[in-house]
1. Which one of these is in a strand (DSSP E or B) and within 30 Å of Glu65 (Cβ to Cβ): Gly270, Gly294?
2. Report, by residue number, each residue of segment 97-116 that is farther than 17 Å from Gln68 by Cβ and either surrounded by 13 or more Cβ atoms within 10 Å (Cβ to Cβ) or hydroxyl-bearing (Ser, Thr, Tyr) (or both).
3. Which ones in segment 92-128 are part of a loop (DSSP other than H, G, I, E, B), over 28 Å from the mean Cα position of the chain (by Cα) and among the hydrophobic types (A, V, I, L, M, F, W, C)?
4. If you go through segment 243-266 one residue at a time, do you hit one that is more than 18 Å from Asn285 (Cβ to Cβ) and free of Cβ contacts under 8 Å to residues at least 24 places away in the same chain?
5. Check Glu150 against each of (1) over 30 Å from Gln309 (Cβ atoms); (2) of a type in the set (Asp, Glu); (3) assigned to a loop (DSSP other than H, G, I, E, B) and name the one condition it does not meet.
Amino acid sequence: MKRLKRQHLVMLLETILLAAILVVNFVRQAGAESSDSFDVSGDVYRELPGQNDYIKWVDFNVTKEAMQDAYDYDVGTYGQSVHLDWIALLAYQACRNGGDFSKYKSGDLAATAKKLAAGEVSLEELVKDLKYYNYYYEAYDAVLGGLVGEYEIQASADAAWEKKYGLKGFLPIAKYFPYTDYDDFGASRSYGYKRPHLGHDMMGQTGTPVIAAESGYVEAIGWNQYGGWRLGIRSFDKKRYYYYAHLRKDFPYCKTLEEGSVVTAGDVIGYMGHTGYSTTENVNNIDTPHLHFGLQLIFDESQKDGTNQIWVSCYELTKFLYRNRSEAVKNTETKEWERIVQMRDPAVEEYIAKQKKTDGQD
């Protein structure tokens, strides 16, 4: 009887292995342009130095409350003798809770932040014996690195530019436009092949202006059978790929956008719709209008396409970004929506300057 059970177990394992191989091959054939591809590497940390030494997987479970606390300490100490880095605070907290923020309560960072700000202990001293601090810092920096920093805003066309430091990332839905959402990361999807949903759906009205969450450049634009009309925007440091999918039929994007276009966080980039799930372009085949908002992390270019992609949950991130929504107004002549409050992002100016230098325009 025991021998028979072992045979059944071996057969089951062989079946699972074969199924995994078939799935990998299917994903490769389907292409990695859709955010519905997934990673099957299973190695969340690193290989030996010099052998593909980069992060293979990230579970981003940081809650809105933890991000809010860390952000407030960062902004509150800006310009002081000790400036607290919100990502460093979150990485330290992750070392303490094993990356599980489900039990985090507002204020859990208070004692640590107070000691650091008072100079009672340095960050280096605090983390020197924490084995995974560098991993968590690099992983969280890949998710959050472009969202906080210096910028300038202009409240109106004739107003002076005002320098600020703080949140320069935006919720991907324009201000005053309603939407509903829930934590749907990992939910089952079946179009094309059975797979987990590696994005965040924000349900709303067709035509709702979609906002650039972070400054970057358009890396992908056009039709994808899974995402319909979609935009892929890469951060300037190339660590993040934002995926905006199921955009409006007939009028999905701002007319000026094309591959290579530079966008500033808070810009209107497109319009909510329900296109996709079709090999034929410009088809509404999604039941409910919504924005599929996805975030892919890239530690090595080999992760950009294929089966070793890293997508992280954006649910808590969007809850955090809700505090910063870009207001838009409709241009009656072009029928486009445009942001009202203008912003200058130094990252945009630096990228454009580098591009000009590369192109020999200096």
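Please treat every number below as a calculation from the coordinates, not as lab data. Remember, it's a predicted structure, so these values are computed and weren't measured experimentally. Cβ sites come from the backbone with ideal geometry, for glycine too, and all protein chains shown count toward neighbours.
1. Step by step, each of Gly270, Gly294 is checked, and only Gly294 is in a strand (DSSP E or B) and within 30 Å of Glu65 (Cβ to Cβ).
2. Of everything in segment 97-116, those that are farther than 17 Å from Gln68 by Cβ and either surrounded by 13 or more Cβ atoms within 10 Å (Cβ to Cβ) or hydroxyl-bearing (Ser, Thr, Tyr) (or both) turn out to be Gly99, Lys115, Leu116.
3. Hits for segment 92-128 are Ala118, Val121.
4. yes
5. For Glu150, the exception is condition (3).
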